[in-house]
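Written below as structure tokens is the structure these notes are about.
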Amino acid sequence: MRLFIGNFVKIPNYQAIKNRFSFIQGKWVEKENLHLTFLFLGEVNTAAPLIKKLKEITYTPATFTLEGGGFFGSPPKVLFAKVKESEEIFNFQKRIVQALEVESKNFHPHITLCRIKKAPFKRLVEGVRELRVVGEMEFKPQLIQSYLTPKGPIYRPIWEFQPERTF
């Protein structure tokens, strides 16, 4: 099974963003699949050993603001929305990496909006400068299974992290 640890997000002005960047040739993420990936795990035989290691990790309930965007790659390959940086998001990702004893490349909290095949660079840069993302991310991280289909991926949460208990 193909797994990742992520957090779904809602972007109310997503259609307006897609309209603004209609000059991009690429694959837009389905609205219901918008998410932040803390760690991509790839193909695993079973989730049980991972869950056992992750059970001790909790999070502090919070809501994070989405702000602006950017792109990765040269030439650009991914258009994304930024999550307002927070120590909690970085610390949570670091605890996951430590618990699973894996290596992690530089973590850049973002929500992929579009996988770019082709886009006029100057228009893309201008669009990103003006990009206003309306949205919030309720902090509710999950272990998510990804099924790849010809129509695009289908994501199914299979386990949820528990929030810290406060007494």
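What residue, among those in region 140-166 that are of a type in the set (A, V, I, L, M, F, W, C) and assigned to a strand (DSSP E or B), is nearest to I96 (Cα to Cα)?
From region 140-166, those of a type in the set (A, V, I, L, M, F, W, C) are 143-144, 148, 154, 158-159, 161; that's our starting set.
Subset that is assigned to a strand (DSSP E or B): 143-144, 148, 154, 158-159.
On the way: L143: 11, I144: 14, L148: 24, I154: 23, I158: 16, W159: 14 Å.
Applying the filter and picking the extreme gives L143.
Does any residue in region 1-23 that is buried (at least 16 other Cβ atoms within 10 Å of the Cβ) come within less than 6 Å, Cβ to Cβ, of a residue that is polar (S, T, N, Q) six or more places away or on a different chain, and which pairs are these?
From region 1-23, the pairs are L3/Q145; F4/T37; G6/T37.
Here are some residues: V44, V9. Which one is β-branched (V, I, T) and within 17 Å of the chain's Cα centre (by Cα)? It would help to see each step written out before you state the result.
Numbers: V44 fails: within 17 Å of the chain's Cα centre (by Cα).
Result of the check over V44, V9: V9.
Quick one: would you say F167 is at pLDDT below 95, farther than 18 Å from G26 by Cβ and surrounded by 11 or more Cβ atoms within 10 Å (Cβ to Cβ)?
On the way: at pLDDT below 95: yes; farther than 18 Å from G26 by Cβ: yes; surrounded by 11 or more Cβ atoms within 10 Å (Cβ to Cβ): no.
It is false that F167 is at pLDDT below 95, farther than 18 Å from G26 by Cβ and surrounded by 11 or more Cβ atoms within 10 Å (Cβ to Cβ).
Could you say whether any residue in region 96-103 is under 15 Å from N7 (Cα atoms) and surrounded by 13 or more Cβ atoms within 10 Å (Cβ to Cβ)? Give the derivation first.
Let us first name the residues in region 96-103 that are under 15 Å from N7 (Cα atoms), namely 96.
Narrowing the set further to residues that are surrounded by 13 or more Cβ atoms within 10 Å (Cβ to Cβ) leaves 96.
Checked against the condition, which is being under 15 Å from N7 (Cα atoms) and surrounded by 13 or more Cβ atoms within 10 Å (Cβ to Cβ), region 96-103 yields at least one hit.
Do you know which residues across region 36-55 are over 17 Å from P157 (Cβ atoms) and in contact with a helix residue (DSSP H, G or I) (Cβ under 7 Å, 6 or more places away or on another chain)? I'd like the intermediate steps shown before the answer.
Taking region 36-55 and keeping what is over 17 Å from P157 (Cβ atoms), we get 42-43, 45, 49, 52-53.
Within region 36-55, K53 is the sole residue that qualifies.
The values are calculated or read from the model by the stated rules, or taken from the named source; none is laboratory data. If you're wondering where the values come from, they're calculated on a predicted model, not measured in any experiment. Don't worry about glycine lacking a Cβ; one is built from the backbone with ideal geometry, like all the others, and counts go over all protein chains shown.
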